[in-house]
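Below you'll find the structure, written out as C-alpha cells, and then a few comments.
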Amino acid sequence: MLRYPLLDRAKLVAAFLVIAIHTGPLQSYSSYGDFVVTRIAARLAVPFFFATAGFLLYRKLYGLAEDGVVVRRYAGRVLLLYAGSTLLYLPLMLYAGYLSDMHGVRDVLRVAVFDGTFYHLWYLPALAIGVLLVYALSRRLSAAWAVGIASVLYLAGLLGDSYYGLAASAPALDAFYDSLFGLFTYTRNGLFFAPLYLALGLLVAEQTRARTRPPARAVWIGLAVSVVLMSVEAILLRTWELPRHDSMYVFLAPAVYCGLLALTRRSSRASGKRGMRDVSLWIYLLHPLVIVLVRGLAELLGAVPWLVTDSMLHYVAVAAGSWTISILAVRWWPAQARKGPSVPRSSRAWKEIDLGRLRHNLAELRRAVRGDCQVMAVVKAEAYGHGGALAARWLQGEGVREYAVACMDEAIALRKQGVRGDILILGRTSPERYRELIRYRLQQTVVDAEDAVALSRYGRTITVQVKLDTGMHRLGESTDRFERVLSIYRLPHLRIAGTYTHLGSSDRLEQTDEALARAQVGRFDAVVARLRGCGIDPGLLHVQSSYGIVNYPELSYDRVRPGIALYGALSTREPVRQALDLRPVLALRARVSTVRQVARGEQIGYGSDCRAAADRLVAIVSIGYADGVPRVYADGGRVLVRGAYAPIVGRICMDHLSVDVTGREDIHPGDPVTLIGRDGAHAITVEEVAERCGTIANELLSRIGRRLDCMVHPPEVQDGETEFMVC
Ligand SMILES: *Cc1c(COP(=O)(O)O)cnc(C)c1O
C-alpha cells in the first residue's frame, strides 16, 4: 500500500491544533495571540482532516468495480465509530447537561445528524454524510462538478458562519438562516462544510491518478498566498464583527487544497507501523475526555493554578495525556482491524486483474499506432472476462475517451458505473430501445441500410457509426452496393460520428488471408473516397482490431479498436508481423480442496473409464467448467501448484477438477493453484490453454465464470507484493 509519510505527520500536527482550539494555550497570555492560534492557524486542522480522508478514500477507489460498496462500508464504519464514541461520552454528556435541552425528535436529529453528540463528535456524522454525497456527485457527474456543487454549499455555509453578519443584514436571508438554525446549530456540518474538503481530496486523488497535478512551485506559492489571505480575511471579519461562529473562511479552501497537494507529493511503500497513522484520529476522539481528566486530577492534587489556570501548561498536559492514551489505544486495538486487505484466504477460485499491465498494454498499443490515432477500447463481454466497468474506468483514467461494447445493456452498465466519453454499440439494437440510446448518450452501429431507415424513423437525433461490410459478410451494409451505402448518410435524424469495417482474416499471415484483408481495406478506402466525392463526411474512420494493429501496422485511420491485445493476449500463438510487448492482465487461480491417494485401478471423478493407471496422489482443485475451464481441457491440460506443473487427470466437473501430484507430499488443502498466470519460475498463458482446447484466447477469457472472486492488483503495488484490493 502507498503511504504518505508527510501526510501522516501533518495529521498529527492537525490533531494537536484541534486540542489547541478546545484549550486555548495562549488564553492566559494574550487574547490576540489566542485568536491567531485558535481562530486562524488551528482552523486549518479539521478541513485538512476531511481533505485527507477524501484523498485516501477516493484514491483507493480507482480500479475498483464495486466502489459504491466500499464507500458505503466506509461511511458505515465511520457511523459505528460515532456510535462507540457517543457511548464513551455518554457519562460526560449527562454530567454536562448536554441531553437536558433535547426535547423532540427534531432535537435528537439535530444533535445526532449535525451538531454531534459531544462538542467535537460532529466530525463523524459530517464525514459519513459528506463522503456519500461527494461520491454520489462524482459518480453521476464528475470530480470537477463535485467540487463545484460542494463549493456552492460551502458558500451558503459561509453566510451562516464567519460571514453571518452579511446574511443578517438582509431580511430574507436572515429568515432563511433562522430556519436553517432550527435544523442545526452551525453550518459547519456534513452538508455545508465537509463536502467541499472531501471533494478537494477527491480532486487531488484524481489529479494524482491522471498525472495532472499542478507543479510543486505553484502549489507552494498557492499555499503561502492562501494562508496569508486567509489570515487577513479572519482579521477583517473579526474587526467588522461579522462572524457568528468562525470555522469557515473563503481562503481556507485553497489553503487546504494546496496543503494536501504539497503533502502528497511524496509517497512511499513503507509498511511498518501502520497503526501509527491512526494516532491522530484517536487524539481527536479522546482529547475532550483528557481535558476532563486533567481538570479532575488538578483538583485532586491541588494543582489547579498550574494545570488549569495557566493555559499553556493546561494545553501541554492535555496534549501529553491525549498522546499517551492514543498510543496505548492504537497498541491495544485489535491487531486484525489494522491489517490491510490481502488475498482472501477464503477464496475458492478467483481471477486476479493487474491494472498496471492494462496500463502498460494500452501504452504499447498507443506506441504502435500513428501519433494522432486514438484507441477505442473494446470492453465487450465484461472486458473479455476482466470486468467491464473495472477495465473501462481504469482506461478512462488513462485518457481513453471511446469504448466499444457488444450490446445496449453492456453500454448502460458502463454508464451507470461512471464511464463517460463515447460508447459505441457494435451490434444491432431493437427499435423498442432507441429511447435508451438517447437517454444514455450512446452511439449505435448501423448494421445495414434497413437498420439505418429504422433508426432515422425514430424521429429524434441518434448518433451512429456506419458499419461497412467489406467482405466478412457479417454486419454492415455491403460496399458492393454503393447507392444503399450512400442512402444511409442522406437520412434525416442520424448524426454520423464514424464509419468502420472489420477485417475477417487479419489474424493469419498466409497469402490468401493477407490478400483478403488487403482487398477489404481497398474496398473500404474506395467507398470512403466515393462518399467524400459526394460531399459526405464519413466521420471517424476505423478498421483495425488487435490483429489489424499487429499485422497491418502501416494502416493509418483515426481510431483502432483493440480488444484482446489490451488484455495482454492474442487469440492464438500464430506469428504476427509487429510483435508488441503485451503483458497478460488476468490470472486465474483456485485452491486445493483435498489431497487423496488413489490406488491403481480406482476411479478418479466421473466416468468408470477414468481410472488410475498406477497408485496416484491426486489433488482436488476447487474450479470447474462453470468457472470457465472448458471440459475438453482435461485432455492434456495442466496447472501450476507450488511452482511446478501438475497434469489434469480425470474429467473436469462443474466445480472441481483433479490434478496428479504424485510424489509431492508438500501439497496441502488451501494451496493456491494457477490455471492461467505465473507461479514462481513458470507460467501458463491463456493462449496455451486455448490451443489445448481447440479455441482462441478470446473465447476462454470471455467465458470466465461470474461466480469467481475478483482481486484487483493496483499498479501502486509492485510485483511480488501481496497486498490486493478485494472487490
Ligand atoms: C470484438 C471486436 C473488436 C475487438 O477485437 P479483438 O480481436 O479482440 O481486438 C473490434 N471490432 C469489432 C467490430 C469487434 O466486434
Candidate cut points under trypsin sites (Lys or Arg not before Pro) in segment 568-632, DSSP loop plus at most 16 other Cβ atoms within 10 Å of their own Cβ, are R573, R577, R600
The chain: antiparallel bridges as % of DSSP beta bridges, rounded to 5, reads 55
In terms of the charge dipole of segment 46-268, which places +1 on Lys and Arg and -1 on Asp and Glu at the beta carbon, the residue among A146, L166, M230 farthest towards the positive end is A146
Any chymotrypsin sites (Phe, Trp or Tyr not before Pro) in segment 548-657 that lie in a DSSP loop and have at most 16 other Cβ atoms within 10 Å would be Y606
Amide H proximity to L191 below 5 Å, modelled H, separation 5+ or other chain, gives none
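Please list, by residue number, every one of the trypsin sites (Lys or Arg not before Pro) in segment 115-219 that is coil in DSSP and has at most 16 other beta-carbon atoms within 10 Å. Please list the in-between numbers first.
Values: sites: R139, R140, R188, R209, R211, R217; in loops: R188, R211.
Those satisfying the criteria are R211.
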With segment 63-182 reduced to its Cα atoms and the Debye formula applied, log10 I(q)/I(0) at q = 0.15, 0.16, 0.22 1/Å amounts to -0.89, -0.97, -1.22
Nearest-0.05 FRET efficiency for R238 and W332 at R0 = 45 Å, using Cβ-Cβ distance, is 0.55
Across the chain, qualifying lysine pairs (alpha carbons under 29 Å, at least 8 places apart or different chains) come out at 15
CD proxy, 222 nm, the chain: helix-only mean residue ellipticity via -39,500 (n - 2.57) per DSSP H run with n ≥ 4, per residue, nearest 500, stands at -14500 deg cm²/dmol
The ³J(HN,Hα) series, computed from each phi in segment 167-180 with the Karplus coefficients 6.51, -1.76 and 1.60 at θ = phi - 60°, rounded to the nearest Hz and given as x for glycine or proline, is 5, 5, 7, 10, x, 4, 5, 4, 5, 4, 5, 4, 6, 4
Amide H neighbours of D469 at under 5 Å, excluding residues fewer than 5 places away on the same chain, with H built from the backbone geometry, are E477, S478, T479
Note, segment 622-638: 3J(HN,Hα) by Karplus (6.51, -1.76, 1.60, θ = phi - 60°), whole Hz, Gly/Pro = x, goes 8, 7, x, 5, 5, 9, x, 8, x, 4, 5, 5, 4, 7, x, x, 8
Stokes-Einstein D for segment 357-567 (10 °C, 1.306 mPa s, Kirkwood Rh from Cα pairs), in µm²/s, comes to 92
Checking rank on 650-660, 527-537, with mean other Cβ inside 10 Å and highest first, the result is 650-660, 527-537
The answer for the longest stretch of the chain without any exposed GluC sites (Glu not before Pro) (DSSP loop, at most 12 further Cβ atoms within 10 Å) is 242-509
Sorted by chain and number, the residues with a modelled amide H under 5 Å from that of T463, at a separation of 5 or more or across chains, are Q444, R495
Over its alpha-carbon atoms, the chain yields an Rg and a Dmax in Å of 31.6, 102
Here D for segment 586-684, in µm²/s, from Stokes-Einstein with a Kirkwood Rh over Cα pairs at 37 °C and 0.692 mPa s, works out to 248
Scalar couplings 3J(HN,Hα) for segment 393-403 by Karplus 6.51 cos²θ - 1.76 cosθ + 1.60 (θ = phi - 60°), nearest whole Hz, x for Gly and Pro, are 5, 5, 5, 4, x, 8, x, 6, 10, 9, 9
Quotient of Cα radius of gyration and Kirkwood radius for segment 46-268, i.e. Rg/Rh, equals 0.99
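The numbers here are math on the coordinates, done by the rules we state, and not lab data. Everything numeric here is computed off the predicted structure, so don't read it as measured data. Every residue, glycine among them, receives a Cβ derived from its backbone with ideal geometry; neighbour counts consider all protein chains shown.
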